[in-house]
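Chemist: A single structure is presented below for examination.
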Amino acid sequence: MSRRFPRFRAPLALALGAALAVPLALTPPAAAAGSYTVTPLTFTVQAGGRSCAVDADLYRPAGVDRDHPAPAVLGTNGFGGSKSDGSTDTIGKAFAQRGYVSLVYSGLGFGRSGCLVSLDDPDIDGAAASQLVDFLGGKRAADDGTTADFVTRDAPGDPRVGMIGGSYGGAVQLATAAVDHRLDALVPMITWNDLAYALDPNNAVGATGVPGAFKWQWTNGFYLIGEGQPLLQPSLDPSRVNSLACLHFVTEACRTVHTLNSGRYPADRTAELLAFARRVSPVSYLHRVKAPTLLIQGQADTLFNLNEATATYRTLKAQGTPVKMIWQSWGHSGGISGPAAAAELDLSKGNLETSYVGRRILSWFDRHLRKQGHTDTGPAFAYHRDWIADPDRTYAGADRLPALGRTLYLSGDGRLVDHPAQVTPGRRTYTNWAIPTSHSESSLAGLLGMPDSPPRDAKGTHLAWTSAPLKRPLDVVGAPRATLRVVSPKAERTQHSGDAADQLVLFAKVYDIAPDGTRTLVRRLVAPVRVPDVTRSFTVTLPGIVHRYDTGHRLRFVIAASDDAYFGNRGIKPVTVVSGPGHTGMLRLPVAGP
């Protein structure tokens, strides 16, 4: 495959795999700078009942041989990329310059690798990567007979190997570690925990098994790239083609997208699509992941938000898997911004050695691949603060995530107040229209570097509660939670129809209101909710944020009837929120600092 992407898909494909360029700025030892060989290889692997050709490049540092072995780094592309795109082949180059043996490959269904796109299924994509680990461990050769007898081994057939990559190239690491415990270190960046949540999020606590609001812009963007592979890549291996109804994905993936696009979610079909999405997601197999894992997630990411990494982190930590987590600035929805941009990892500048995240990645591999036990790998949790201008202080570290430390109450007069006694009884109503009336984002705009219009909510289609001006700065770090009770007779009559699409949908979000009235929807994040039962109160977990509400600013909590980046309500469903004794809603904020 050419190193140049067709113009219309290049920005998306490169951005989806952007995290793979992380090693771009690795500073090699002076004696080894630029000294390595690259060997193109093909591997025939068995995955998902098919025989697949995997296209790879092996980077071998000068001076590394059987008598002088080195640990290895394995990496693959983001969605739509290949081993040859500018954000993937830098893995091989940079780590080879630092003395690592590097093997980079085109993921199944991309570049010149065969087989279908299977969404990083551990039994398919993980199994394929495991067979590349066999090569690094000396258990098999490439198709042309090439062997790798120069990789450090901890036991016969067990190479010292780590993985790094982002987005699609991030989840495959967890999938591989679930089926192959020979991996020694993982660095998954800006990736998912549960595709059912990522593509069809329902942020109602305890709503597992209930679809949320279909994230149609993001999902269909990926789907078109995947289905377009046979047209974009000439002379495809026959294993790359499925059928006319589903060209390039495994059948279950296409059926899931088709169902989501239909806007109808009957119980049996919904259970099937959610089961597939969860089965191929880390949420279902993390209990098998034992490799030390450094999770890096982006604050500017409406595709895979901070809650995804948080869920993975908590699961791994609870089961004893060594894990740490960093919340960097950039993600799928945008690049680096703010006064501290010079200190943030910038893939276009390749400043890994001078950035906080870059140094953490280096130390992680030094500790777990080079077995430098004295290496400090940093705090358990760290997060970027875009309001700090000092490059040496942009990241804060902690031994745990901040707890929900401040509670505000939803008053009937539209205020957010500090105590239940300050709540004014009242009731307010909004309703949805037949078309979306709220805008949070155009999902692909940030990814493609295109401008987007400001967030907005049409009058009468949302409710807002606003705090008094803050007397001191408030640093919110984590996922806010809101507890609500709504009244909707129309939704109550339809919610038991047997089709989840008839249940009420709403969108919760938090704005920052400046003294001059300027509104900021933090990172353009919203929390879609398909309300399980409108006759009962429910709790919403909003997407995680890192944001300072400065002195004089006000918080505004909003619930809206729609959002044009998602599918919303079927039918007109007026909603009333009652505030008063026994009905007071709450907004709880995770607060960092004193």
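The values are calculated or read from the model by the stated rules, or taken from the named source; none is laboratory data. Please read all numbers here as calculations on a predicted model, not as lab measurements. With ideal geometry, Cβ positions are generated from the backbone for all residues, glycine too; neighbour counts draw on all protein chains shown.
Chemist: Within the stretch 233-268, track down each residue that is surrounded by fewer than 17 Cβ atoms within 10 Å (Cβ to Cβ) and in a helix (DSSP H, G or I).
Modeler: Within the stretch 233-268, 238, 251, 258, 261, 262, 267, 268 meet the criteria.
Chemist: Quick test of your reading of the structure: residue 504 fulfils all but one of (1) surrounded by 22 or more Cβ atoms within 10 Å (Cβ to Cβ); (2) in contact with a Leu (Cβ under 9 Å, 6 or more places away or on another chain); (3) hydrophobic (A, V, I, L, M, F, W, C). Name the failing condition by number.
Modeler: Exception for residue 504: condition (2).
Chemist: Six or more apart or on different chains, Cβ atoms under 7 Å: show the pairs whose first residue is in the stretch 145-166 and within 19 Å of residue 292 (Cβ to Cβ) and whose second is aromatic (Phe, Trp, Tyr) and crowded, with 24+ Cβ neighbours inside 10 Å.
Modeler: Sorted first by the residue in the stretch 145-166, then by its partner, the pairs are 162/365.
Chemist: Can you find a residue in the stretch 430-451 that is under 14 Å from residue 578 (Cα atoms) and either buried (at least 21 other Cβ atoms within 10 Å of the Cβ) or over 34 Å from the mean Cα position of the chain (by Cα) (or both)? Full working, then the answer.
Modeler: Start the filter on the stretch 430-451 by keeping residues that are under 14 Å from residue 578 (Cα atoms), which leaves 430.
Okay, now just the ones that are also either buried (at least 21 other Cβ atoms within 10 Å of the Cβ) or over 34 Å from the mean Cα position of the chain (by Cα) (or both), so 430.
Scanning the stretch 430-451, I find at least one residue that is under 14 Å from residue 578 (Cα atoms) and either buried (at least 21 other Cβ atoms within 10 Å of the Cβ) or over 34 Å from the mean Cα position of the chain (by Cα) (or both), so the answer is yes.
Chemist: So, of the residues in the stretch 564-594 that are of a type in the set (Lys, Arg) and assigned to a loop (DSSP other than H, G, I, E, B), which turns out to be surrounded by the most Cβ atoms within 10 Å (Cβ to Cβ)? Can you show your working first?
Modeler: Initially, the stretch 564-594 is screened for residues of a type in the set (Lys, Arg), giving 570, 573, 588.
Subsequent filtering for residues that are assigned to a loop (DSSP other than H, G, I, E, B) retains 570, 573.
On the way: 570: 19, 573: 26.
The residue in question is 573.
Chemist: Please pick out the residue among 63, 92, 75 that is crowded, with 21+ Cβ neighbours inside 10 Å, modelled with pLDDT of 95 or more and assigned by TED's automatic domain parsing to the domain that holds residue 368.
Modeler: So the residue among 63, 92, 75 that is crowded, with 21+ Cβ neighbours inside 10 Å, modelled with pLDDT of 95 or more and assigned by TED's automatic domain parsing to the domain that holds residue 368 is 75.
Chemist: Considering the stretch 400-430 alone, what residues qualify as being touching a Gly at 6+ places or on another chain (Cβ under 6 Å) and within 14 Å of residue 483 (Cβ to Cβ)?
Modeler: 410
Chemist: Determine whether residue 346 is more than 29 Å from residue 283 (Cβ to Cβ), surrounded by 16 or more Cβ atoms within 10 Å (Cβ to Cβ) and at pLDDT 95 or above. Talk me through it step by step, then tell me what you get.
Modeler: Values: more than 29 Å from residue 283 (Cβ to Cβ): yes; surrounded by 16 or more Cβ atoms within 10 Å (Cβ to Cβ): yes; at pLDDT 95 or above: no.
No.
Chemist: Can you pull out every residue in the stretch 426-450 that is in a strand (DSSP E or B) and touching a Pro at 6+ places or on another chain (Cβ under 7 Å)?
Modeler: Residues of the stretch 426-450 that are in a strand (DSSP E or B), as a first pass: 426-430, 438-439.
Once the filter is applied, which keeps residues that are in a strand (DSSP E or B) and touching a Pro at 6+ places or on another chain (Cβ under 7 Å), the stretch 426-450 yields 429, 439.
Chemist: I've got another one for you. Filter the stretch 451-477 down to residues that are more than 18 Å from residue 567 (Cα to Cα), hydrophobic (A, V, I, L, M, F, W, C) and outside any strand (DSSP E or B), then give me how many there are.
Modeler: Quick first cut of the stretch 451-477, residues more than 18 Å from residue 567 (Cα to Cα) only: 451-454, 459-460, 463-477.
Retained after the next criterion (residues that are hydrophobic (A, V, I, L, M, F, W, C)): 463-465, 468, 470, 474, 476-477.
Narrowing further to those that are outside any strand (DSSP E or B): 468, 470.
The number of residues fulfilling the criteria is 2.
Chemist: Kindly indicate whether residue 510 is within 13 Å of residue 480 (Cα to Cα), touching a His at 6+ places or on another chain (Cβ under 9 Å) and crowded, with 22+ Cβ neighbours inside 10 Å. Lay out the reasoning, then the answer.
Modeler: Numbers: within 13 Å of residue 480 (Cα to Cα): yes; touching a His at 6+ places or on another chain (Cβ under 9 Å): yes; crowded, with 22+ Cβ neighbours inside 10 Å: yes.
Taking the combined requirement at face value, the residue satisfies it.
Chemist: Looking at the structure I just gave you, is residue 135 among the aromatic types (Phe, Trp, Tyr), within 11 Å of residue 74 (Cβ to Cβ) and out of contact with any helix residue (DSSP H, G or I) (no Cβ under 9 Å at 6 or more places or on another chain)?
Modeler: On the way: among the aromatic types (Phe, Trp, Tyr): yes; within 11 Å of residue 74 (Cβ to Cβ): yes; out of contact with any helix residue (DSSP H, G or I) (no Cβ under 9 Å at 6 or more places or on another chain): yes.
Criteria met by residue 135.
Chemist: Just checking, which of 516, 533 is in a loop (DSSP other than H, G, I, E, B), over 23 Å from the mean Cα position of the chain (by Cα) and modelled with pLDDT under 95?
Modeler: After applying the criteria, what remains is 533.
Chemist: Starting from residues that are more than 17 Å from residue 173 (Cα to Cα) and among the polar types (S, T, N, Q), keep the ones in the stretch 88-107 and report whichever is farthest from the chain's Cα centre (by Cα).
Modeler: Restricting to residues being more than 17 Å from residue 173 (Cα to Cα) and among the polar types (S, T, N, Q), the top hit is 97.
Chemist: How many residues does the stretch 415-425 contain that are buried (at least 16 other Cβ atoms within 10 Å of the Cβ) and either of a type in the set (Asp, Glu) or part of a loop (DSSP other than H, G, I, E, B) (or both)? So that I can check it myself, show each step before the final result.
Modeler: Applying the first criterion (buried (at least 16 other Cβ atoms within 10 Å of the Cβ)) to the stretch 415-425 yields 415-417, 423.
Those still in the list that are either of a type in the set (Asp, Glu) or part of a loop (DSSP other than H, G, I, E, B) (or both) too: 423.
Of the residues in the stretch 415-425, 1 are buried (at least 16 other Cβ atoms within 10 Å of the Cβ) and either of a type in the set (Asp, Glu) or part of a loop (DSSP other than H, G, I, E, B) (or both).
Chemist: May I pose another question? List pairs: first in the stretch 558-571 and basic (Lys, Arg), second outside any loop (DSSP other than H, G, I, E, B), Cβ under 7 Å, 6+ apart or cross-chain?
Modeler: 570/501; 570/502
Chemist: Determine which single condition residue 483 fails, assuming it passes every other condition in (1) of a type in the set (Ser, Thr, Tyr); (2) assigned to a strand (DSSP E or B); (3) within 26 Å of residue 330 (Cα to Cα).
Modeler: (3)
Chemist: Taking the stretch 115-134 only, how many residues are of a type in the set (Asp, Glu) and assigned to a helix (DSSP H, G or I)? Write out each step before concluding.
Modeler: Start the filter on the stretch 115-134 by keeping residues that are of a type in the set (Asp, Glu), which leaves 120-121, 123, 125, 134.
The next check asks that each one be assigned to a helix (DSSP H, G or I); those that pass are 123, 125, 134.
Summing the residues that are of a type in the set (Asp, Glu) and assigned to a helix (DSSP H, G or I) in the stretch 115-134 gives 3.
Chemist: If you don't mind, another one. Give the residues of the stretch 281-300 that are buried (at least 24 other Cβ atoms within 10 Å of the Cβ) and either assigned to a strand (DSSP E or B) or touching a Pro at 6+ places or on another chain (Cβ under 9 Å) (or both), sorted by residue number.
Modeler: 282, 289, 291, 293, 294, 295, 296, 297, 298
Chemist: While we're looking at this one, here's another question. Would you confirm, using the coordinates I've provided, whether residue 321 is in the same structural domain as residue 180 (by TED's automatic domain parsing), closer than 24 Å to residue 189 by Cα and buried (at least 21 other Cβ atoms within 10 Å of the Cβ)? Reasoning before the result, please.
Modeler: On the way: in the same structural domain as residue 180 (by TED's automatic domain parsing): yes; closer than 24 Å to residue 189 by Cα: yes; buried (at least 21 other Cβ atoms within 10 Å of the Cβ): no.
Considered against the rule, which asks whether it is in the same structural domain as residue 180 (by TED's automatic domain parsing), closer than 24 Å to residue 189 by Cα and buried (at least 21 other Cβ atoms within 10 Å of the Cβ), residue 321 comes out as no.
Chemist: Further question on the same structure: Output yes when any residue across the stretch 389-405 is in contact with a His (Cβ under 7 Å, 6 or more places away or on another chain) and outside any loop (DSSP other than H, G, I, E, B), and no when none is.
Modeler: Residues of the stretch 389-405 that are in contact with a His (Cβ under 7 Å, 6 or more places away or on another chain), as a first pass: 394-395.
Next cut, outside any loop (DSSP other than H, G, I, E, B) only: 395.
Yes: one or more hits.
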